[in-house]
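Colleague: Take this structure, written in structure tokens, and hold onto it; I'll ask about it next.
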């Protein structure tokens, strides 16, 4: 659990907190954006406001905690910000996502902590003619493999392909995925009735 200060925890508990986020992408030149209006300084870096609270909303899964990717959606992006975020240098660049907690007025920041670190895995831009663009950024955390290509099974045979002398997984049984039916009959394609 993140260690937030007492004022932030109190505001979260009584429902008056406004939660936003900030994203740092350490490419060349680095990109610093946050989900509010105007500029704000975090850890000595100036973050440009993109006026979109979605930057503080993590839409990726949370099963397994740190090993899941984090997906950030930004809508209503102006052309200047889009040009920076859609640059080729952004892909695979180190990234840091902050969670920011403000009081109910949105003027006083109560706390700001690093929520996730990783690398930019994917950037998808959706441009609309005559309107502002939206952009989706996926951040791959260190536990996920940071650019690993291909899937690995947790099996003895797979581990021995990496290191012939590593027999750790011979002590672990491999269970394939299982389909669970919630009510109703099994599909006739599975042989059930």
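Colleague: Can you tell me the length gained on complete extension of the stretch residue 127 to residue 16, counting 0.36 nm per residue apart and subtracting the Cα distance? Kindly include the intermediate steps, with their values, before the conclusion.
Modeller: Working: separation 111, 0.36 × 111 = 39.96 nm, distance 3.45 nm.
Gain in length upon complete extension: 36.5 nm.
Colleague: Rounded to the nearest 0.05, what FRET efficiency do residue 168 and residue 114 have when you use their Cβ-Cβ distance and R0 = 45 Å? Working shown, then result.
Modeller: On the way: r = 32 Å, r/R0 = 0.72.
That gives a FRET efficiency of 0.90.
Colleague: Turning to a different aspect of this structure: Just subtract the alpha-carbon distance of residue 136 and residue 91 from 0.36 nm times their residue separation and send over the number in nm, one decimal. Could the numbers behind the result be given before it?
Modeller: Numbers: separation 45, 0.36 × 45 = 16.20 nm, distance 1.24 nm.
The residue 136-residue 91 span can extend by a further 15.0 nm.
Values quoted throughout were computed directly from the atomic coordinates according to the rules given, and no laboratory measurement underlies them. The shown structure was predicted, so the numbers you read here are calculated from the model rather than taken from an experiment. Positions of Cβ are backbone-derived with ideal geometry, glycine not excepted, and every protein chain shown enters the neighbour counts.
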